Amino acid sequence: MQRVMNLVLKIAGKDSHLDEVNEAVATASKHLFSASGASREKVLAIVETSSQGLTDEEASRRLDKYGKNEVVHEKAPTWYNHLLQAFINPFVGILVILAIASFITEYIFAPPGEQDLTAVVIISILVLLSVALTFFQEYQANQAADKLLSLIQNTTTVERQNRGRTTITTTDLAPGDIVVLSAGDIIPADLRILEANNLSVNEAALTGESLPVEKSNILDAEHEPSSALDLGNIAYMGTNVVSGTAKAVAVTTGKNTYFGSMSKELLGHHPPTSFDKGITSVSKLLIRFMLIMVPIIFIISGISQGDWFQALLFGLAVAVGLTPEMLPTIISANLAKGTIEMARHKTIIKRLSAIQNLGAMDILCTDKTGTLTEDAVAMEQYLNPLGETDSSILPYLYLNSYYQTGLRNPLDEAVLDHNEVRELSGFESGFIKTGEIPFETTRRRMSVIVENSSGENVLICKGAVDEMLSSSDLYTIDNKLVPLDYEARREITNLTHRLNNDGLRILLLGYKILKEPKDRYSPGDEFNLILGGIIGFLDPPKATAGLAIKALQAQGIKVKVITGDNEIATRRICNEIDLTIDGLVQGSDVENASAEDLGVMVEKNNVFVRTTPLQKSRIVNALKANEHTVGFLGDGINDAPALRDADVGISVDNAVDIAKESAEIILLEKSLTILEDGVKKGRHVFGNIMKYIKMTVSSNFGNVFSVLVASILIPFPPMLPLHLLIQNLLYDISQISIPWDKVDEEYLAKPQRWNPGSIANFTIFIGPVSSIFDFTTFALLWFVFSANTSADQSFFHSGWFVLGLLSQTMIVHMIRTRKIPFIESTAARPVLIMTGLVMVIGLIIPFTPFGSAMGFVALPPAYFFWLFLTLVAYFVVMQAVKTWYIRRFNRWL
């Protein structure tokens, strides 16, 4: 036992961000080992109780001391917290700062009569629109997710000294309470079993073990537990009783249980995701551009114009011009649209950013039980003693499972639910049940006795392999009875071992004709049996698992299985869903690996078995440290840390509460093919976001570069700050429709991540292309139309405003695809309509009263001839540069 205790103490210290979780789990594990290794009398003494239980007064006192028996749940934030969180965004912060600066310079310090709040109003509207979109979508999604969460259990049966056996609210259970368990009960706390009768517990949610685990009040001396979750006389909070009855004492309750030790530390712990890191990196890139360009513009403008205050205003206008003001709105609109579409596929997106993380995901880690499998036992094989499929044993099997009146377990349910067995419905009408020998853990078999139409009494027995072989004398070959000699026993044993190695749980079926009926049957009648057959059970894979994994792999996503189940069962499931095992690692190896070794281990291997919750989390974090965007799919208590630490955690509606709380995406139906749809939608969303960023930042950079050169060469401002703001606003309006745009299939074929370096390269190489034609326009206006004095600057402003707006808007179609626009790829109808509308508005503004108020003048017909030639040349040159850029950097968006 000391060796095991040392194992518990090794849990802590592997990863700093999980230190608190490690400590809490280690403490819970220590309590469980102590209770497990103690005798009945000693464990009652440890928790200071008796076999009659606590008094109500003592229970009340302990509740005051230890707290209610409830696991801390993460509730959905209040509406005002959601609203505040929607404001906490790097892009929103940049816009707020710019709005404040504009308010100070253009209103507070502006001369009387020249105060202007246009920029402040525009930026404020964009901020509020972005915040509103994020707030309403995430608030509604979290409200829907919160409705899915349910309490662990409402009531528990206990024995109290002053009341005897009684039912109490589960939250009122105290350490030391004597708990009475029966089939269907959810374990209300961490319990030490005192008495057990055919007790079978489903621990899949906590350990990943796919089949029910037999529990007893006696600890197997020959079995050395590998962890605190491997104790045969401990029942764990959050698991459920499948069959049998038991009496147990509550060792720890609420937050002090193994389950509670994880949940209380994980709540509120959301590490930065790929989306969060990407947003931050792009924000820093934009700030660097502003810190470089704005001072240069300010100094050059001040020196050349001689008016430093106007130079300051112009510098601030340039800062606004460099900033993609609509970015928060475009991001929120894209994410909200993707979220709404996923909702139609019965998927709840709790955080808008999760949809983009799904598209960026290049590795999906998945639990096995309940995610790749049905989390339900199914009868897979029925064989004769030679290992051949033999339906002649099904009638015996049907009668045994149909007539047994003990607490039916999942194996009996699997028998009766089998397609061929269901066809025997009504077969029992030819038999009369005359007796039953219930299952006992010491015998590990059970029997029913039926009388057939000939008046013969037949005993039908099924049970564990060794116990059935020791009770059988004969077996059948070609309908002939043959002695079950040593060689036959050895062959049958080897066959069952091979089936076990394939991941099946095996039972044997035997029968015999009784010489005469009895009033009462006993285990002594279960001898001299005829061994009739071998029955194999397993937790089958979901019908969609194999297809979903192939689809994800085709999308460039590697799939790794991380399970608490054993190697044999995991290998079988991987084989059945055609997932090639590149390498398999035991949880103990993960536990003992250094951070450096683990980083190599998680790259080389794709299947991890017998893993604890914190080992799963270590694997996920090691993959993230290797620059992967990691998704995790799970539904159990043991998946919660990994769900929380993944870039995108995915769970299902019937998962345990802590799994749903830790996840960002909840699937409302069992089909895993939804994941493929989600990945494509995430990439589609991200593609449209990147379109806007690269369009706007490169275009704005080109404009600012043109302004910089114009400030040196032209004796008047090439464009007024207000003109620049209006131009950017119209350009942004043209891009409102981008969330509805199509994305090239080639872009959807592989994971897409934030890449600030790519944005910087795009801006530097593509942005100045527009400046080339700005310079030709300057020359055109200066020399052809003689707009070369301060008196003619209104004409100059008008000419450059129109060309700048039309070229910027046209570039939307150039940048949205790596193909030739309008020929190989055409934008969606909303994009065509919005860009066309803005171009028309830009053409007519100089001829309107609004244009006159802004200082514009009507342009002559000759201007539009040159405008057309300039736009055509711009289109041709831009396509050539795009082709070169794609060859040079091997990417576009």
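The values are calculated or read from the model by the stated rules, or taken from the named source; none is laboratory data. The structure presented is a predicted model; accordingly, all values stated were derived computationally and were not measured. A quick note on method: Cβ atoms are made from the backbone with ideal geometry, for glycine too, and the neighbour counts reach across all protein chains shown. Surface areas here come from the heavy atoms of the whole protein model, side chains and all, with no ligands, DNA or RNA. Shrake-Rupley method; radii C 1.70, N 1.55, O 1.52, S 1.80 Å.
Data for the structure
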read-out	value
13 Å beta-carbon shell around Leu805, net charge (K/R +1, D/E -1)	-2
Rounded to whole Hz, the Karplus (6.51, -1.76, 1.60) HN-Hα couplings of the stretch 431-438, x for glycine and proline	9, 10, 6, 10, x, 7, 10, x
Helix-only CD estimate at 222 nm, as mean residue ellipticity for the chain, using -39500 (n - 2.57) per DSSP H run (n ≥ 4)	-16000 deg cm²/dmol
Stokes-Einstein D in µm²/s, Kirkwood radius over Cα pairs - the stretch 847-893 at 20 °C with 1.002 mPa s viscosity	158 µm²/s
Among 674-682, 520-528, the order from most to least packed when residues are scored by Cβ within 10 Å on average	674-682, 520-528
Charge context of Leu191, other residues only, Cβ under 12 angstrom, K/R +1, D/E -1	-1
With every protein chain in place, the chain: carbon and sulfur % of accessible area (1.4 Å)	57 percent
Cα lying deepest toward the dipole's positive end in the chain, options Met446, Leu725, Leu129, charges on Cβ	Leu725
Per-peptide average of other Cβ atoms within 10 Å, ordering 368-380, 248-260, 175-187 highest first	248-260, 368-380, 175-187
Karplus-derived 3J(HN,Hα), 6.51/-1.76/1.60, for each residue of the stretch 446-454, Hz, glycine and proline x	8, 9, 10, 10, 10, 9, 8, 5, 8
Net dipole in debye of the chain [+1 Lys, Arg Cβ; -1 Asp, Glu Cβ; about Cα centre; nearest 20]	2360 debye
Distant-in-sequence amide H partners of Thr252 (H built 1.01 Å from N, under 5 Å)	Asp190
Cα gyration tensor shape of the stretch 378-467, rounded if a/c is under 1.5, else prolate or oblate by comparing a/b with b/c	rounded
Estimated FRET transfer efficiency when R0 is 45 angstrom, pair Val876-Leu722 (beta carbons, to 0.05)	0.85
Separation between Cα centres of the stretch 639-661 and the stretch 38-69, rounded to whole Å	33 Å
Solvent-accessible area per residue for the chain (1.4 angstrom probe, square angstrom)	40 Å²
Subset of Lys680/Lys742; Lys433/Lys462; Lys624/Lys750; Lys215/Lys518; Lys247/Lys660 violating a 21 Å alpha-carbon distance limit	Lys215/Lys518; Lys247/Lys660
Part-to-part distance (alpha-carbon centres) for the stretch 709-735 and the stretch 374-423, which is given in Å	79 Å
Rg/Rg_ref, the chain, where Rg_ref = 2.2 N^0.38 Å and atoms are Cα	1.23
Most to least packed among 643-649, 446-452 [average Cβ atoms within 10 Å]	643-649, 446-452
Low-density loop cleavage sites - trypsin sites (Lys or Arg not before Pro) in the stretch 547-634, where at most 16 other Cβ are within 10 Å (DSSP)	none
Karplus-derived HN-Hα couplings along the stretch 626-634 (A = 6.51, B = -1.76, C = 1.60, θ = phi - 60°), whole Hz, x at Gly and Pro	8, 6, 9, 9, 10, x, 9, 10, x
